[in-house]
1. Kindly provide the set of residues from the stretch 157-173 that are loosely packed, with under 13 Cβ neighbours inside 10 Å and under 17 Å from residue 118 (Cα atoms), ordered by number.
2. Before we move on, is residue 176 surrounded by 14 or more Cβ atoms within 10 Å (Cβ to Cβ), in contact with a Gly (Cβ under 9 Å, 6 or more places away or on another chain) and modelled with pLDDT under 95?
3. Looking at the stretch 10-25, which of the residues that are buried (at least 16 other Cβ atoms within 10 Å of the Cβ) and either at pLDDT 80 or above or aliphatic (A, V, I, L, M) (or both) is nearest to residue 94 (Cα to Cα)?
4. Answer with yes or no whether residue 149 is in a strand (DSSP E or B) and either surrounded by fewer than 18 Cβ atoms within 10 Å (Cβ to Cβ) or modelled with pLDDT of 95 or more (or both).
5. For the subset of the stretch 96-118 comprising residues that are assigned to a loop (DSSP other than H, G, I, E, B) and modelled with pLDDT under 90, which member is surrounded by the most Cβ atoms within 10 Å (Cβ to Cβ)?
Amino acid sequence: MALQTRPQEASEALGIIEDTSSQALQELRSIVGVLRIADTDTTPGQREPAPCLADLEQLLTQIGEAGVPVHLRVEGEPRSLPPGVDLSAYRIVQEALTNVVRHAAPATAELTLRYLPAEITIEVTDNGRRSPPSSTGGRSANGTGHGLVGMRERVALYGGKLQAESTPTGFHVLARIPTAQAAT
């Protein structure tokens with residue numbers, strides 16, 4: 001629908017979606033490559049480092065260029081997280097904001113990262129309208145799609161919890177990921 005009424009915004013949003021998909025495929029290929037390497041092979045691979053929360057600035061810039069300005073708030077003292085938690089946190093932010101671009105733009109979003117002693121929380125809220133559910137495999141009629149399933153799986157991997165729900169003014173995602181047990 002946006003392609004007809006706002007072609008520039010639609011083009012930018014599709015670019016973000018393409019970049020996100022390409023990054024996810026590259027990450028998946030890298031994981032499959034690691035799994036295929038024999039235990040006796042000590043040759044380092046040609047892999048780029050996985051993204052982490054330190055890389056958020058570039059992601060927030062891309063989302064802003066797609067028509068969704070993001071206000072970032074960090075509470076608590078940022079600290080180094082276990083690599084898997086850091087990657088999962090980044091991917092949850094990426095998916096939540098990509099969903100805003102896909103389903104709610106034009107909108108604004110708020111991203112809050114809370115560094116608590118035993119967990120990190122990621123909260124994304126937007127004030128955009130919701131597009132109707134897609135009948136072609138995107139969002140299902142109850143608002144859950146592959147992106148929400150992926151976020152739930154990433155959170156569950158570390159014993160965390162995810163809330164994702166419509167609000168009167170947009171959508172809200174809250175992920176809680178324990179960090180203490182992930183470090184052991």
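1. The initial filter retains those residues of the stretch 157-173 that are loosely packed, with under 13 Cβ neighbours inside 10 Å, namely 159, 163, 165-169.
If the condition is that a residue be loosely packed, with under 13 Cβ neighbours inside 10 Å and under 17 Å from residue 118 (Cα atoms), then 159 is the only one that fits.
2. The answer is no for residue 176.
3. 16
4. Against the criterion (in a strand (DSSP E or B) and either surrounded by fewer than 18 Cβ atoms within 10 Å (Cβ to Cβ) or modelled with pLDDT of 95 or more (or both)), residue 149 does not qualify.
5. Initially, the stretch 96-118 is screened for residues assigned to a loop (DSSP other than H, G, I, E, B), giving 104-108, 116-118.
With modelled with pLDDT under 90 added as a condition, the list becomes 104-106.
On the way: 104: 19, 105: 24, 106: 17.
Applying the filter and picking the extreme gives 105.
The values are calculated or read from the model by the stated rules, or taken from the named source; none is laboratory data. Bear in mind that the values here come from a model prediction, so they are computed numbers and not experimental data. Reconstructed Cβ throughout: ideal geometry from the backbone, glycine too, with neighbour counts over all protein chains shown.
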